[in-house]
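Please read the structure below before turning to the comments.
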Amino acid sequence: MTVDQVAFRRQGGFVLGSILEWKMLTRDEQAEMLKNGNVQFLADGQPVPVREALVALKA
């Protein structure tokens, strides 16, 4: 499984972004988004559980 997109919750819905955009956020920004449920990770357009996605992105 390769996480290839990130969906960021914005006003009115989710906006698709890249893995690079996610990695460019500070750890605090990432933690806040995760805590508030404002991010979803996708692999081939399908949602990936957050823990699984974070492990995959770390590798």
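Bear in mind these aren't lab numbers, they're just calculated from the coordinates by the rules spelled out. Note that the structure is predicted; figures quoted are calculated from it, not measured.
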The stretch 2-9 - phi-based ³J(HN,Hα) in whole Hz, Karplus 6.51/-1.76/1.60, Gly and Pro as x: 10, 6, 10, 8, 10, 9, 9, 6
For residue 17, residues with placed amide H under 5 Å, excluding near neighbours: 6, 7, 8
Computed [θ] at 222 nm, deg cm²/dmol, the chain (DSSP H ≥ 4; -39,500 (n - 2.57); rounded to nearest 500): -11500 deg cm²/dmol
Amide H within-cut-off set for residue 43, under 5 Å, with H built and near neighbours excluded: 4, 48
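For a distance above 12 Å, tell me the whole-number percent of Cα pairs in the chain that qualify.
Details: 1104 of 1711 pairs.
Summing the P(r) tail past 12 Å for the chain gives 65 percent.
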